[in-house]
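Throughout, read-outs are computed from the coordinates displayed, never taken from laboratory work. Remember, it's a predicted structure, so these values are computed and weren't measured experimentally. With ideal geometry, Cβ positions are generated from the backbone for all residues, glycine too; neighbour counts draw on all protein chains shown.
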Amino acid sequence: MLDRQPLEKGGTIVFDKILLVRKENETLIGTPYLERYKAKGKVVDNIKGEKIRVRKFKAKVRYRRQIGFRPQYTKIIIEKIWLDSKAENKEKTPDNNLSNKPQKV
């Protein structure tokens, strides 16, 4: 479950910030993320969480307040985790606008 996303039931979402991937005998941990991995999830349902009640009270002055809050969540199921080959082929090219020669002022 994660915070409410603007997706309908049955929609898909792609995660590009993956923290941890576990294969058969190997566990990969990102620092902070694994750059070439992606995950695809399917929205199962949009649900409401448990109601949270916050109470304020001040002694001897008859001050009492109660506020309620009910968070909304999106329940997802991860369908696929894969290694993105496009991210592997990206090469960092130097900026063409910058040159090593001094410029005249």
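What to note about this one:
- Neighbour counts of C-beta atoms inside 10 Å place Phe15, Phe69 in the sequence Phe69, Phe15, starting with the fewest.
- FRET efficiency, 1/(1 + (r/R0)^6) with R0 35 Å, evaluated for Leu2 and Arg65 via beta carbons: 0.70
- Tyr73-Asn25 FRET efficiency (beta carbon distance; Förster radius 35 Å; 0.05 resolution): 0.55
- Peptides 71-78, 56-63, 28-35 ranked from most to least packed by the mean count of surrounding Cβ atoms within 10 Å: 71-78, 28-35, 56-63.
- For segment 28-89, the residue among Ile78, Val43, Ile67 whose Cα projects farthest onto the positive side of the dipole built from Cβ charges is Ile67.
- Gained length - Tyr33 relative to Lys58, 0.36 nm times residue gap less alpha-carbon distance: 4.4 nm
- You can think of it this way: the chain between Ser85 and Lys51 has 7.9 nm of extra reach, that is 0.36 nm per residue less the Cα-Cα gap.
- Remark on segment 2-84: ratio of C-alpha radius of gyration to 2.2 N^0.38 Å is 1.70.
- Taking amide H as placed 1.01 Å from N in the peptide plane, Ile18 has its amide H under 5 Å from the amide H of Leu34, each at least 5 places away in sequence or on another chain.
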